[in-house]
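Notes to accompany the following structure.
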Amino acid sequence: MIKIGLVGYGRMGRQIADLMKIKGLVPAAIIDPYADGVTAKEINGESLSNADVVIDFSSPDTIMENIETYIQLGINAVIGTTGWFDKIDKVKKLTENKIGLIWSGNFSLGVNLYFKIIEYASNLIGNLAGDSYDPMVHEFHHNQKKDSPSGTAIMIADLVKAGFNAKNSIVTERLDRKRENNELHVSSTRGGYIPGTHIVMFDSLADTIELRHTARSREGFVAGALTAAFWIVDKKGFYNFSEIFNAIQ
């Protein structure tokens, strides 16, 4: 049985630990500099000495340092932390032929099905009626969410943009100007206790087509992250959960 270390013991980390307990698994390590009930405060060779793979739901402020440490220690990793995706090319080079790393802005089974639907719909609408429909993306998350937009929203925007030849730029900030025709706007709302709601709209003068995914809890994210840990433990290379989704469901 593989031994899994947890880095980040917030909501997601605690729920992963709970699911591991249900499955008869004991975390090889629980690391968080601020939380109670952990086995260590720092990531190093000693704190991860018993781990075969680590699941990281920590902070975008420390994730690059964490990844570099996993590479130094030769420990494969599942990265659920978001807010670092502008450094993906750098991480690909760092991990090449060294460790296996699988990442996603969202490990939920339902969300990854939603990705497939968005990809198909965007290609279909973009190719057949791209001049008639104008796409946009909006998301809602709880008031403790640290990044805006979410990693999931950016992944969705990339899928939509790929289907529309006229769209070559993703804009995530508030617009105090006219939006240009080549821009895809991604907007965000933070408030309450919402686990996550993502909406893609294709709007025309005649009608609106809307695709919506609403998460009821984090259970789907937790199960996906644990599945990813079992999949990546004996591999090397850089993987996106959505890219290998068909192989690991």
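The values are calculated or read from the model by the stated rules, or taken from the named source; none is laboratory data. Just so it is clear, the structure is predicted and the values come from calculations on it, not from any experiment. All accessible areas refer to the heavy atoms of the entire protein, side chains included, with ligands and DNA or RNA removed. Shrake-Rupley method; radii C 1.70, N 1.55, O 1.52, S 1.80 Å.
Please go through the range 103-126 and give me each residue that is in a helix (DSSP H, G or I), of a type in the set (S, T, Y) and open to solvent by less than 20 Å² (accessible area, probe 1.4 Å), ordered by number.
Y114, S122
Does the range 203-215 contain any residue that is open to solvent by 60 Å² or more (accessible area, probe 1.4 Å) and closer than 21 Å to F241 by Cα?
yes
For the range 1-25, which residues satisfy the criterion of being open to solvent by 10 Å² or more (accessible area, probe 1.4 Å) and not in a loop (DSSP other than H, G, I, E, B)?
Correct list: R11, M12, R14, Q15, A17, D18, L19, K21, I22.
Going residue by residue through the range 180-201, is there one that turns out to be at pLDDT 95 or above and part of a helix (DSSP H, G or I)?
no
Quickly run through the range 132-171 and pick out the residues that are at pLDDT below 95 and among the basic types (K, R).
K145, K146
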